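Remarks on the structure that follows.
The values are calculated or read from the model by the stated rules, or taken from the named source; none is laboratory data. Predicted model only: the values in this text are computed from it and were never measured. We place every Cβ from the backbone using ideal geometry, glycine too, and count neighbours over all the protein chains shown. Note: areas computed on protein heavy atoms with side chains; ligands, DNA, RNA excluded. Shrake-Rupley method; radii C 1.70, N 1.55, O 1.52, S 1.80 Å.
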Amino acid sequence: MILEKIEALKGQIKDLHASNEEALEALRIKYLSKKGEITALFNEFKTVAPEQKRELGQKLNELKNLATEKIAQIKESVQTQAKEQNKIDITRPSFPAELGTRHPISVVRKQIIDIFSRVGFTLADGPEVEDDWHVFSALNFAADHPARDMQDTFFIEQNKDDVTRNIVLRSHTSSVQVRTMERKQPPIRIICPGRVYRNEAITARAHCFFHQIEGLYIDKNVSFADLKQVLLYFAKELFGPDTKIRLRPSYFPFTEPSAEMDVSCMLCGGEGCGFCKHTGWVEILGCGMVDPNVLEASGIDSTVYSGYAFGLGIERITNLKYMVKDLRMFSENDVRFLNEFRSAH
Ligand code: PHE
């Protein structure tokens, strides 16, 4: 009887398996606990005839060892399995975080602001939607000046019946000169970066909006030599210490005298190349001494104060520094283009 039970249990135990700790514990209870099947056999063993005890005892012990071993084996495999499942490979590379880049216009704007900040210019600001006074009239534009034509400037309809021409999208940052002079008396030393709008067809070389930086310095005894010196400093800081500048006479309604500034070509160093059309020079900004009419229009005594102003296009400078051929690239948000400025700062 008991021998058969031993053999039957042996067969069962060989095939035991468990996939988790609970199932394993259930097996241990079933066979090896105080109320387990093997323990029951040991109790039964007490009643067998003495001559059978030796052989049966041995078999029972074998069975118990077999069960203990098997359960230990299962325990080990359950544990390693659990470990595998919880394992996190901390050396695995993470999902790459796409880092953005600064826009080239922002990069160059910051460079220019830094250069002028170092010689005492502070930032000024003004609205992009402006009135005629700040964009034109206060800046000495004659009533029939072509910039006041719809073909050059975006006008904003003020009310439906009367298409007034009073409100415009500013066509240059010179409006901030006026706003600053209205607010405070000299000394004034500001730069104003900002977006401007012109009614142009969009091509590789022209856009209906772009960015300028305006500079204005007003104090007693400010001369053209001061203007030239600050612009030379600026050009050398921006394009390198060997850069030369030249000023050509020009005309703006709000400056007298007025000039346009060229820098020596950054590609050929002034020798003449295809880029500078073999002149050795490239134009970068407009400037001049603030016209006394402009000072007076904003409440500054032109017999006491004088000043200079300059205005430059950030896109133009960016093109010169980074050789961007098509202006439209700046506003298309093509990440392949923007990523090229990853290392710029
Ligand atoms: N406002 C002029 C332009 O947009 C540039 C300029 C600014 C010229 C200041 C002289 C002085 O072309």
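Listing for the model above:
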{"quantity": "Unmet requirement for D326, which otherwise passes all of (1) open to solvent by 60 Å² or more (accessible area, probe 1.4 Å); (2) in contact (Cβ under 8 Å) with a residue 40 or more places away in the chain; (3) among the acidic types (D, E)", "calculated": "(1)"}
{"quantity": "Hits in segment 289-318 (condition: within 16 Å of the ligand (Cβ to nearest atom) and under 36 Å from the mean Cα position of the chain (by Cα))", "calculated": "Y308, A309, F310, G311, L312, G313, I314, E315, R316, I317"}
{"quantity": "Qualifying residues in segment 68-126 (those that are assigned by TED's automatic domain parsing to the domain that holds F234 and of a type in the set (F, W, Y)) - the one nearest to Y217 (Cα to Cα)", "calculated": "F121"}
{"quantity": "Only one of S117, S175, S94 that is modelled with pLDDT of 90 or more, closer than 29 Å to N339 by Cα and among the polar types (S, T, N, Q)", "calculated": "S117"}
{"quantity": "Scope segment 231-280; condition in a loop (DSSP other than H, G, I, E, B) and in contact (Cβ under 8 Å) with a residue 40 or more places away in the chain; matching residues", "calculated": "P253, F254, M266"}
{"quantity": "Odd one out for A225, checked against (1) farther than 12 Å from F310 by Cβ; (2) open to solvent by less than 10 Å² (accessible area, probe 1.4 Å); (3) assigned to a helix (DSSP H, G or I)", "calculated": "(2)"}
{"quantity": "Some residue of segment 148-160 being within 30 Å of R336 (Cβ to Cβ), under 41 Å from the mean Cα position of the chain (by Cα) and outside any strand (DSSP E or B)", "calculated": "no"}
{"quantity": "Top-ranked residue of segment 287-323 - restricted to ones that are among the hydroxyl-bearing types (S, T, Y) and touching a residue at least 40 places away in the same chain (Cβ under 8 Å), ranked as most open to solvent (accessible area, probe 1.4 Å)", "calculated": "Y322"}
